[in-house]
Amino acid sequence: MVIEVTDHNFEDEVLNFDLPVAVDFWAPWCAPCRPIATITEKLSQEYKGRFRFCKLNVDENPQMAVKYQVMSIPLLLFFKDGQVIDQSLGAVPERVIRPKVEALL
């Protein structure tokens, strides 16, 4: 299950979480965001208990979008121990995302 995060719970759900986390910065009007959402939903089932997948609506949560300098979406940021370790920009295929997840495990 992909967890929806906000400006208010980002610190607890992402930065202080005890597993590696990928955050999908997206917006409802963003067509390229849809395939990323499908991929993260699939991977969240596969890596359940080992890796967390979250999504953050940039229109509703501008503070985190500004903090992480999100200029274009979809953007996946990969966190470990509260730090951004990697990223993926654009509607990339699963074969690009999966190795980034594996590298953080």
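A short reminder: the numbers here are calculations on the coordinates, not readings from a lab. Bear in mind that the values here come from a model prediction, so they are computed numbers and not experimental data. Here the Cβ positions follow ideal geometry from the backbone for every residue, glycine too, while neighbour counts run over all protein chains shown.
If the segment from ASP12 to GLN45 were pulled out straight at 0.36 nm per residue, it would be longer than the present Cα-Cα gap by 9.8 nm.
Computed over the chain, the per-residue total of -39500 (n - 2.57) for DSSP H runs of n ≥ 4 gives a 222 nm mean residue ellipticity of -9000 deg cm²/dmol, rounded to 500. DSSP bridge analysis restricted to the chain gives an antiparallel fraction near 60%, rounded to the nearest 5. In a DSSP loop and with at most 13 other Cβ atoms within 10 Å, the trypsin sites (Lys or Arg not before Pro) in the stretch 40-94 are LYS48, ARG50. Taking the stretch 61-88 and a reference point 7 angstrom along Cα→Cβ of ALA27, the backbone N atoms nearer than 19 Å belong to 61-77, 88. How far apart, in nm, are two points set 7 Å out from the Cα along the Cα-to-Cβ line at GLN69 and at ALA103? Spacing of the two 7 Å Cα→Cβ label points: 1.8 nm.
Look at the dipole of the stretch 3-104 built from charges on Cβ: of ALA37, VAL66, CYS54, the Cα furthest out on the positive end belongs to ALA37.
Each Lys and Arg Cβ is given +1 and each Asp and Glu Cβ -1; about its Cα centre, the stretch 3-104 then shows a dipole of about 420 debye. For the chain, the alpha-carbon radius of gyration amounts to 0.95 times the rule-of-thumb value 2.2 N^0.38 Å expected for a compact globular protein.
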